[in-house]
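> I have a structure I would like to understand better, so I am pasting it below and will then ask my questions one at a time.
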Amino acid sequence: MNRNKEFPEGMVPLGAETFQFSCHAGVECFMSCCRNVDMFLYPYDIVRLKKCLRITSEEFMRQHTRLVKGNNLYFPAVMLKLNDDVEKSCPFLGSGGCSVYHDRPSACRTYPLERAVDRTLSLGRCKDYYFLTDHSYCLGHQEDNFYSVTQWIREQNLDEYNRINDRWAELDTLFATNPWRGEGSGGPKQQMAFMVCYDVDGFRTLAFREKILEQFHLSKEQKRNIQTDDIALLLFGFDWLKLFLTGNSSLERR
Ligand code: SF4
Ligand code: SF4
């Protein structure tokens, strides 16, 4: 089988074979990739980081992010704001390494791999592919450790990130269809969608004020989870947005 046929020339997805890599404090390049780095942040990254830093999602967004025009013409992308110094360091880089290591963003976990998801439903489901990056400054490729993709996913706890990022990507695909109708980008609907995705604490306040949970058939356990757990609230918010924008979602109105 030619695993290469769906990808641009030169891009070969990894299969079951192993790749050579290790990153640790002993490599000469240690922490060099945490400077001058262009990093997109996704909703789940924000939830993990703001909790780690013990600040609200609104504070996190204000202090640590900037909005840019990404691939989606109808929804802004969120990037990590780097320190305003000569090295343009990641704000979470401490003297001994990453100060938010347990909650580091998806991109930091996935590196040196890159993940692509095929959403053409010809197989009835999505399929993901991993590619090995090779930056000359990264000496981790010369270390004597070998991983399969499966081992890397397990070691980096990527399953949870991928699961929620895939739900987010579905929504981002919907946003790319310009569902804001006549309002255009930056209108009230888009602002609402942005809050649900990137300001989970703000959405919690809105959900309680407007009694949003009461409008749906939810078990006591589901309600309790949504009320107390940021991730459950985020995923509820994704479904709620889908309903709000398309009239379809797994949520059932009372
Ligand atoms: S450049 Fe590569 S080996 Fe060096 S610190 Fe970054 S990921 Fe690790
Ligand atoms: S979050 Fe941590 S691992 Fe990622 S760039 Fe910043 S310091 Fe490096």
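Quick note: the coordinates plus some simple rules give every number you see, no bench work behind them. Predicted, not measured: the structure shown is a model, and the values here were computed from it. Positions of Cβ are backbone-derived with ideal geometry, glycine not excepted, and every protein chain shown enters the neighbour counts.
> For the chain, build the convex hull from the C-alpha positions and give me its volume per residue in Å³. Don't skip to the answer; put the middle values down first.
On the way: hull volume 41.8 nm³, N = 254.
Each residue corresponds to 165 Å³ of Cα convex hull volume.
> Which lysines, if any, have their Cα less than 22 Å from the Cα of K189, not counting same-chain residues under 8 positions apart?
By straight Cα distance, K189 reaches K69, K211, K242.
> Using the crude model of +1 on Lys and Arg Cβ and -1 on Asp and Glu Cβ, and no other charge, please compute the dipole size for the stretch 169-246 relative to its Cα centre, in debye to 20. Spell out each step's value before the answer.
Numbers: 9 positive and 11 negative charges, 56 e Å.
Roughly 260 debye, rounded to the nearest 20.
> If each of E114 and E170 carries a label point 7 Å out from its Cα toward its Cβ, how far apart are those two points in nm?
Going from the E114 label point to the E170 one covers 2.6 nm.
> Using every Cα-Cα pair within the stretch 169-246, state what percent have a distance larger than 21 Å.
On the way: 808 of 3003 pairs.
Everything past 21 Å amounts to 27 percent.
> Return the single residue from Q190, Q156, Q142 with maximal mean-square fluctuation; model: Gaussian network over the chain, springs between Cα atoms under 10 Å.
Maximum fluctuation in the GNM of the chain, among the listed residues, is at Q142.
> Residue-wise, which Karplus ³J(HN,Hα) couplings in Hz belong to the stretch 84-95, taking 6.51 cos²θ - 1.76 cosθ + 1.60, θ = phi - 60°, and x for glycine or proline?
My calculation for the stretch 84-95 gives 8, 10, 4, 7, 6, 6, 5, x, 9, 7, x, 5 Hz in order.
> For the stretch 1-99, what is the convex hull (Cα atoms) projected area averaged across all directions, in square nanometres?
On the way: hull surface 40.0 nm².
Taking a quarter of the hull surface, the average projection is 10.0 nm².
> Report the Cα-based extents of the stretch 19-158 along its three principal axes, largest first, to the nearest Å.
The Cα atoms of the stretch 19-158 stretch 45, 38, 26 Å along their principal axes.
> Follow-up. Order the peptides 99-111, 25-37, 229-241 from the highest to the lowest mean number of other Cβ atoms within 10 Å of their residues. Don't skip to the answer; put the middle values down first.
On the way: 99-111: 17.8, 25-37: 13.8, 229-241: 19.8.
Descending packing order for the listed peptides: 229-241, 99-111, 25-37.
> Taking 0.36 nm per residue of sequence separation and subtracting the Cα-Cα distance, how much length would be gained by fully extending the chain between L251 and R66, in nm to one decimal?
Values: separation 185, 0.36 × 185 = 66.60 nm, distance 3.20 nm.
Contour length minus Cα-Cα distance gives 63.4 nm.
> Please give the length that would be gained between T228 and R54 if that part of the chain were fully extended, namely 0.36 nm times their separation in residues minus their C-alpha to C-alpha distance (nm, one decimal).
Numbers: separation 174, 0.36 × 174 = 62.64 nm, distance 1.56 nm.
Here the answer is 61.1 nm.
> Please sort 200-207, 146-153 by packing, taking for each peptide the average over its residues of neighbouring beta carbons within 10 angstrom, highest first.
Numbers: 200-207: 18.2, 146-153: 16.2.
Per-residue mean Cβ counts within 10 Å order the peptides as 200-207, 146-153.
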